[in-house]
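Just below is one structure, and these are the notes that go with it.
The values are calculated or read from the model by the stated rules, or taken from the named source; none is laboratory data. Just so we're clear, the structure is a prediction, and the values are computed from it rather than from any experiment. Because the Cβ atoms are built from the backbone with ideal geometry, glycine has one as well, and the counts that use them run over all protein chains shown.
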Amino acid sequence: MGTKENAELVRRGYEAFSAGDMATLGEVFAADAVWHVAGRSVLAGKKQGRDAILGYFGEMGTRSGGSLKVTVQEIIGGENRTVALQHTEAENNGKNMDADGALAFQIRDGKITEVREFFDDTAQGDAFWA
């Protein structure tokens, strides 16, 4: 796949995430994909495998009381890596999250194989997801 196809794969994943379409999300990730979450919150750490990644997404939805909203600002495609710039908002139990971030995707054979998640204020995320 080329840069355009990789960017479209990532965009398809974001659209599925926003729609709560777990079937499509399952299709964009390789079975052995890995997702790395920075920080020290209960959600931080490595998610090993597609099922663990989908479980992580579900946990974010639960912990945000369903208020989580991720807005893609830009997707920059590459041959093997693609970067997405995003804005994340959520509120729950009197806590708010309002953060910009970047996700670095590694893509192989038309599937996302690894993601590294970074935010401009990791401490804010840690406090929100606590």
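Overview of values
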{"quantity": "Among (1) under 15 Å from the mean Cα position of the chain (by Cα); (2) more than 21 Å from Ser41 (Cβ to Cβ), the one test that Asn80 misses", "calculated": "(1)"}
{"quantity": "Pick from the stretch 37-70, criterion among the hydroxyl-bearing types (Ser, Thr, Tyr) and assigned to a loop (DSSP other than H, G, I, E, B), ranking: surrounded by the fewest Cβ atoms within 10 Å (Cβ to Cβ)", "calculated": "Ser67"}
{"quantity": "Only one of Lys69, Lys47 that is among the charged types (D, E, K, R), at pLDDT 95 or above and within 19 Å of Arg116 (Cβ to Cβ)", "calculated": "Lys47"}
{"quantity": "Count - residues of the stretch 1-47 that are without any contact (Cβ under 8 Å) to a residue 60 or more places away in the chain and among the aromatic types (Phe, Trp, Tyr)", "calculated": "1"}
